[in-house]
Amino acid sequence: MDIKPIRTEEDYYAALGEVESLMSAEFGTSEGDRLDVLATLVEAYEAKHYPMEAADPIEAIKFEMERKGLTVKDLEPMIGRTNRVYEVLNRRRPLTLPMIWRLHDGLGIPAELLIRPPKVAA
């Protein structure tokens, strides 16, 4: 297996191309092992050169609402009355710890994401 570190953008794109060509490789084969190693190198390069900012808790709630086809009414058991839900979604009211617990349980959003401070309302 001739694999080298990813040091440049050129190396990165070459590795991505090779990962794509190996996507159908079977686990436990030499091609599958090559895919595993290359994917690990690509992930490490991306983490260093393209760090992802953690999601905003309000955007995470809205994303889950859209993904699951939920309405404001569906969030009432987790957040409170309709006006309270709108206040939270419009960044006028912060999430409380009990809201965070219920949103975590009800929507499956990681609690560590929900406790992050939301972006300030515009």
(Q) Test of understanding: among 62, 119, which residue is in contact (Cβ under 8 Å) with a residue 60 or more places away in the chain and surrounded by 11 or more Cβ atoms within 10 Å (Cβ to Cβ)? (A) 119
Q.
Of all residues being touching a residue at least 40 places away in the same chain (Cβ under 8 Å) and assigned to a loop (DSSP other than H, G, I, E, B) in segment 79-116, which is surrounded by the most Cβ atoms within 10 Å (Cβ to Cβ)? Just the residue, please.
A. 109
Q. Hey, among 7, 34, which residue is in a loop (DSSP other than H, G, I, E, B) and of a type in the set (Lys, Arg)?
A. 7
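Throughout, read-outs are computed from the coordinates displayed, never taken from laboratory work. Keep in mind that this is a model prediction, so the values were computed, not measured. Every residue, glycine among them, receives a Cβ derived from its backbone with ideal geometry; neighbour counts consider all protein chains shown.
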